[in-house]
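Accompanying notes for the structure given below.
The values are calculated or read from the model by the stated rules, or taken from the named source; none is laboratory data. As the structure is a computational prediction, the values presented were derived from the model and not from experiment. Here the Cβ positions follow ideal geometry from the backbone for every residue, glycine too, while neighbour counts run over all protein chains shown.
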Amino acid sequence: MDAKNTWLQHLLVGFFSLALAFTFNHFLGVAWSTVFARVSFVLLFLTLVIGPVTKLKKPMIVSSPLKLPWSWRGELGIWFTLTSLAHFYFAMSGRPKWNFLAALGGGIGGEGYGLANLLGFIALFWSLILAITSFGGVIRWLGVKSWKWLHTFTYVVFYLVATHSFYFQFFSKYRGGPDFFGYFYLALTLVVIFLQLSAFVKTLASQKKA
C-alpha cells in the first residue's frame, strides 16, 4: 500500500512522463494526442507490475523510500491520470464544440472508433476516482479496507485502456492498421497478465503450504 505521496517522487515521475512525451513527439513525429495516450499506457503498466513483482520477490528492507517499489504506485497512478487527461484534451480539442456524440462516431461504431472511445471515457472516469483517492488524507478518511477494495478497479481500468488501445490499433479502420506501438501495447499487456497469474499461483501455493 502506498499511502504517502512525496514531492520528490512526483517530480521524478513527472519528469519521466514529460521526457517520454517529448521523445515521442519530437523524435518520432507522433501527434500530441497519441503521445499522451502512449505515455499514459506506459505509466499504467508500471503502476500495475509493482504489485505482482513484489509478491513474486519481496524487496530487501531498505531505508530510502525511493528504493521501495510499492512507494511509487501513488505517483505513477496520479501521473497516469494526468497524462490521460492530456490525451483526452488533445483528442477532443480537434472536434468542433467538443462533440461527444461525434467522438462516439454518431453512436457505437463510426468506422470502428466509437466503441474504443466509449471504453476510453469509462476508463478516464474511473481513473479520476482512483487518482483522487490516492492521497494519504483521503486514504485515512476512507479506511484501508475500503481503499483497497476501491483500488482493485485499477485492473479494470487497465483492461479498459488496453481494449481501447487494441481496438484502435488492430480492429479500427480509423488509423489504417497497427503501428509499432500497437505490438508494444500487446507485449506490455501480456507481461501484466503473466505477472498477475504468476503472483496468484505463488500466493495459492503459499496458502496450501500454510
request  = Sort through GLY51, GLY110, GLY106 and tell me the only one that's over 23 Å from ALA19 (Cβ atoms), at pLDDT below 85 and touching a helix residue (DSSP H, G or I) at 6+ places or on another chain (Cβ under 8 Å).
outcome  = GLY106
Residue in the range 184-201 that is free of Cβ contacts under 8 Å to residues at least 24 places away in the same chain, more than 22 Å from LEU46 (Cα to Cα) and not β-branched (Val, Ile, Thr) present = no
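Go through the range 148-179 and report how many residues are in contact (Cβ under 8 Å) with a residue 24 or more places away in the chain, more than 14 Å from the chain's Cα centre (by Cα) and farther than 11 Å from ALA116 by Cα. Walk me through it before giving the result.
Let us first name the residues in the range 148-179 that are in contact (Cβ under 8 Å) with a residue 24 or more places away in the chain, namely 148, 153-158, 160-165, 167-168, 171-174.
Checking which are more than 14 Å from the chain's Cα centre (by Cα) leaves us with 148, 167-168, 171-174.
Those still in the list that are farther than 11 Å from ALA116 by Cα too: 148, 173.
Total meeting the criteria: 2.
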task = Report yes if some residue within the range 189-206 is modelled with pLDDT under 90 and either on the phi > 0 side of the Ramachandran plot or not in a helix (DSSP H, G or I) (or both); otherwise report no.
result = no
